[in-house]
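Attaching a single structure in structure tokens format; questions to follow.
None of the figures in this text is laboratory data; all of them are computed from the coordinates on show. Computed from a predicted model, the values in this text were never measured in an experiment. Cβ atoms come from the backbone with ideal geometry, glycine included; neighbour counts cover every protein chain shown.
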């Protein structure tokens with residue numbers, strides 16, 4: 001038995017559009033109405049976006065990425081330069097918070113784009 005799957009919602013473009021915080025359908029309208037609040041509908045094409053269930057996924061991905069970038073960087077800076085601990089803590093804290101705030105909405109858009117393309121949680 002073969003099942004024909006029509007891929008009218010390709011995953012990669014939807015993921016990249018979501019990462020840019022744009023509608024996964026048209027790529028033009030804004031996905032968010034606030035910093036992390038997903039709009040109910042796209043303001044360009046009218047696609048319903050309120051079905052999303054991103055929950056904690058974007059936060060976990062943010063922690064994973066920031067942790068994997070900062071851990072080796074902290075090790076390299078400490079072993080090669082030996083800065084004052086207070087200076088190092090201050091710089092890396094600012095970098096960690098800034099990178100997290102930058103990535104979190106983009107990864108939420110990424111997750112919503114995947115859900116939209118795979119018709120998950122009511123997007124079908």
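Within region 78-104, track down each residue that is touching a helix residue (DSSP H, G or I) at 6+ places or on another chain (Cβ under 8 Å) and either loosely packed, with under 10 Cβ neighbours inside 10 Å or in a helix (DSSP H, G or I) (or both).
78, 88, 92, 95, 96, 99, 100, 103, 104
Kindly check whether there is at least one residue in region 25-35 that is in contact with a helix residue (DSSP H, G or I) (Cβ under 8 Å, 6 or more places away or on another chain), part of a loop (DSSP other than H, G, I, E, B) and at positive phi.
So far as region 25-35 goes, yes, one or more of its residues are in contact with a helix residue (DSSP H, G or I) (Cβ under 8 Å, 6 or more places away or on another chain), part of a loop (DSSP other than H, G, I, E, B) and at positive phi.
When only residues in region 39-58 that are touching a helix residue (DSSP H, G or I) at 6+ places or on another chain (Cβ under 8 Å) and surrounded by 19 or more Cβ atoms within 10 Å (Cβ to Cβ) count, which is farthest from residue 100 (Cα to Cα)?
Ranking the candidates gives 49 first.
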